[in-house]
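The block underneath contains the structure these notes are about, expressed in structure tokens.
The values are calculated or read from the model by the stated rules, or taken from the named source; none is laboratory data. These numbers were taken from a predicted model, which means no experiment stands behind them. With ideal geometry, Cβ positions are generated from the backbone for all residues, glycine too; neighbour counts draw on all protein chains shown.
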Amino acid sequence: MESNEEAAAGNLAAGVSRAPAAAKPGFWASVKESLRGTEQDFTEGSLNRAVGLLAVPMVLEMIGESLFAVTDAFFVARLGSAALATVGLTESMLEIIYAVAIGLSMATTAMVARRIGEKNEKGAARAAVQAIVIGVLMALVLGTAGALFAPQLLSLMGASPESVASGASYTRVLYGGMATVLLLFLNNAIYRGAGDATTAMRALWIANAINLVLDPCLIFGLGPFPEMGLAGAAVATTIGRGTGVLYQFWGFRRGKRIHIERKDLAVDASVIGSLLRLSVGGVSQLMVTTASYVVLIRILASFGSAVLAGYVVAIRTVIFVILPAWGLSNAAATLVGQNLGAGKPERAERAVWLTGLWNMAFMAAVTLVFVGSARPIVEVFTTDPEASPVGIEALTIISYGYVFYAWGMVMMQAFNGAGDTVTPTRINIACFWLFEIPLAYALAGPFGMGPTGVFWAISLSYSLSAVIGVVVFRRGKWKLQKV
């Protein structure tokens, strides 16, 4: 009897060994799969495939985020340089809020990804709820303060009386709708940490589609809509983002990789404390870059509204490309977090190098396009004889550092995905406060280069941060980070 069973088992094993291996899906099949959002275990299997499945929707998500900036700039530019300058000043102030939101998002992604890697789905849901609680409380405090003191904030940033008079309502609406910004960031950070990049992508595209339609309608009063001018751009953006947030909450109830139930809604002070401690580094690193950005805006504002408007057009165009590259870099954060949670640090490291190569190839292609076509790109947004040349020069000079930026973004996201938010903060302090700001001031003033000196300072400082990031990453201390 035993011999017959052994023979049957042997025949079965032989049959299994002779069975053809399952064919790997082709490139386009993998793209379609990533857009459908099928459930995957990113701690196993091909890393190339894992990066691709995460990167495609993450890049599209960030393209959606960048479209907010480009869409607003395109329509607002029709209102004149003063309106465009107001948008630039408001955005520079909001960068501080974005820094807080993104810093908390880094902590959220790291914690959710680590719990998913540990196969602790309930722990991931609890972390998600606590992040949302923090976001709502922050929105109430910061949004109310910003809405009440919008004119004073614009004046503090050096806006002209004309810009304050025409732009205060724009600033007030954006601050009043702060909850939509914070929750959109945080909820998508939850989805990315869980590996559900597809839902995050869809939320941004829904928000963008609504903003794209409402922007011209509310700015210029098309059809039955009131003509609201600059304030209409803020209303359109807030409605679009708010709709995206509703879609995200609907997704949490449906649940794929992360599912939030009524019993998960209790406030957990210990998890909130852990998130806040972890987010300090993330907020700090963004605050450093944001503060340097605000200082650069102040330096450029001293050269007049036309220079500032040209820079706003250039930087919005840069953001259009940088955000998709950040999207690709986010794949590194998810893979690092989940694989460290699964106890596979070497796989996490390989994922980072692979993602860096993908990002470098993408940014190299963008460099060729931007350097060769800076004029037609800028003139899509403005043909002002004073603003346009500034925008063209800024876009060209900043583009020279793109290949370095590619590696810098991946390194920073790798540290953040591991929960090591302190290292990027230190790198940012060295490169932006101790290098970029003094260099920009010196080149623009004492060396007589004007705005051109500021643009070179930006390009060189980001390139330096990439080099330092690679050197520090190779040391491997991030693998020991606890979350």
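Here are the numbers for this structure:
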| quantity | calculated |
| --- | --- |
| Test: residue in segment 437-453 that is under 22 Å from Ala406 (Cβ atoms) and crowded, with 23+ Cβ neighbours inside 10 Å | no |
| Total residues in segment 73-100, condition surrounded by fewer than 24 Cβ atoms within 10 Å (Cβ to Cβ) and within 29 Å of Ala131 (Cα to Cα) | 10 |
| Out of Tyr311, Tyr293, sole residue that is in contact (Cβ under 8 Å) with a residue 12 or more places away in the chain, assigned to a helix (DSSP H, G or I) and farther than 30 Å from Ala110 by Cα | Tyr311 |
| Every pair of residues 6+ apart whose Cβ atoms lie under 6 Å, when the first sits in segment 130-158 and is in a loop (DSSP other than H, G, I, E, B) while the second is of a type outside the set (S, T, N, Q) | Met157/Leu89; Gly158/Ala301 |
| Failed criterion for Trp353 (all others in (1) surrounded by fewer than 24 Cβ atoms within 10 Å (Cβ to Cβ); (2) touching a residue at least 24 places away in the same chain (Cβ under 8 Å) hold) | (2) |
| Residue match in segment 142-164 (condition: closer than 30 Å to His259 by Cα and at pLDDT below 90) | yes |
| Candidate set: segment 380-410, residues that are farther than 30 Å from Val470 by Cα, part of a helix (DSSP H, G or I) and not hydrophobic (A, V, I, L, M, F, W, C); chosen: the one nearest to the chain's Cα centre (by Cα) | Gly391 |
| Among residues of segment 273-283, those that are surrounded by 19 or more Cβ atoms within 10 Å (Cβ to Cβ) and either modelled with pLDDT of 90 or more or within 16 Å of the chain's Cα centre (by Cα) (or both), counted | 4 |
| Selection status of Ser399, surrounded by 22 or more Cβ atoms within 10 Å (Cβ to Cβ), modelled with pLDDT under 95, over 23 Å from Val100 (Cβ atoms) and among the polar types (S, T, N, Q) | yes |
| Subset of segment 85-125 (residues that are of a type in the set (D, E, K, R) and either touching a Ser or Thr at 6+ places or on another chain (Cβ under 7 Å) or farther than 30 Å from Glu162 by Cα (or both)) | Glu95, Arg114, Arg115, Glu118, Lys119, Glu121, Lys122 |
| Matching residues, segment 117-129, being within 22 Å of Leu340 (Cα to Cα) and either under 23 Å from the mean Cα position of the chain (by Cα) or modelled with pLDDT of 95 or more (or both) | Gly117, Ala124, Ala125, Ala127, Ala128 |
| Residues (more than 24 Å from Leu278 (Cβ to Cβ), part of a helix (DSSP H, G or I) and in contact (Cβ under 8 Å) with a residue 40 or more places away in the chain) located in segment 433-456 | Glu436, Ile437, Ala440, Tyr441, Ala444, Pro451, Thr452, Val454, Phe455, Trp456 |
| Residue in segment 411-429 that is more than 27 Å from Gln338 (Cβ to Cβ), of a type outside the set (S, T, N, Q) and not in a helix (DSSP H, G or I) present | no |
| Filtered residues of segment 195-239 (kept if surrounded by fewer than 17 Cβ atoms within 10 Å (Cβ to Cβ) and not in a helix (DSSP H, G or I)) | Gly221, Leu222, Gly223, Pro224, Phe225, Pro226, Glu227 |
| Matching residues, segment 240-271, being among the hydrophobic types (A, V, I, L, M, F, W, C) and either in contact with a His (Cβ under 6 Å, 6 or more places away or on another chain) or surrounded by fewer than 17 Cβ atoms within 10 Å (Cβ to Cβ) (or both) | Leu246, Phe249, Trp250, Leu265, Ala266, Val267, Ala269 |
| Scope segment 368-391; condition in contact (Cβ under 8 Å) with a residue 24 or more places away in the chain and either of a type in the set (D, E, K, R) or surrounded by 18 or more Cβ atoms within 10 Å (Cβ to Cβ) (or both); matching residues | Phe370, Ala374, Ile377, Val378, Phe381, Thr382, Asp384, Glu386, Ala387, Ser388, Val390, Gly391 |
| Which listed residue, of Ala331, Ala364, is under 20 Å from Val467 (Cβ atoms) and part of a helix (DSSP H, G or I) | Ala364 |
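Residue-by-condition table, conditions (1) among the aliphatic types (A, V, I, L, M); (2) crowded, with 23+ Cβ neighbours inside 10 Å; (3) closer than 25 Å to Val100 by Cα; (4) modelled with pLDDT of 90 or more:
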| position | (1), (2), (3), (4) |
| --- | --- |
| Ala430 | yes, no, yes, yes |
| Trp433 | no, no, yes, yes |
| Phe455 | no, yes, no, yes |
| Ser465 | no, yes, yes, yes |
| Val472 | yes, no, yes, yes |
| Lys482 | no, no, yes, no |
